[in-house]
Amino acid sequence: MAPGDRLYLFTDGIVECESTEQELFGERRLQDLLASSSQDSMPAVFQRVQQTLIDWHPATNR
């Protein structure tokens, strides 16, 4: 890894989170979300992922 690179660790609970239409959040959607947050601080990335999952499945409040 080079200076400024990031390594994200996550559980399958993120990519397997289902929408209200039973669509999985998926790895591609998570990759796109993280790529679009690459200039944000780590706390901001965490908050963005959390809010995106809450929006994806409103019953998700973790």
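Read-outs throughout are calculated quantities, based only on the coordinates presented, and are distinct from any laboratory measurement. Being a predicted model, the structure only gives us computed values, none of them experimental. Every residue, glycine as well, gets a Cβ built from its backbone with ideal geometry; the counts of neighbours run over all protein chains shown.
The residue pairs whose first member lies in the stretch 17-37 and is more than 12 Å from R48 (Cβ to Cβ), whose second member is in a helix (DSSP H, G or I) and among the acidic types (D, E), and whose beta carbons are closer than 8 Å, counting only pairs six or more residues apart or on different chains, do not exist in this structure. Of the residues making up the stretch 15-54, those that are hydroxyl-bearing (S, T, Y) and crowded, with 16+ Cβ neighbours inside 10 Å number 2.
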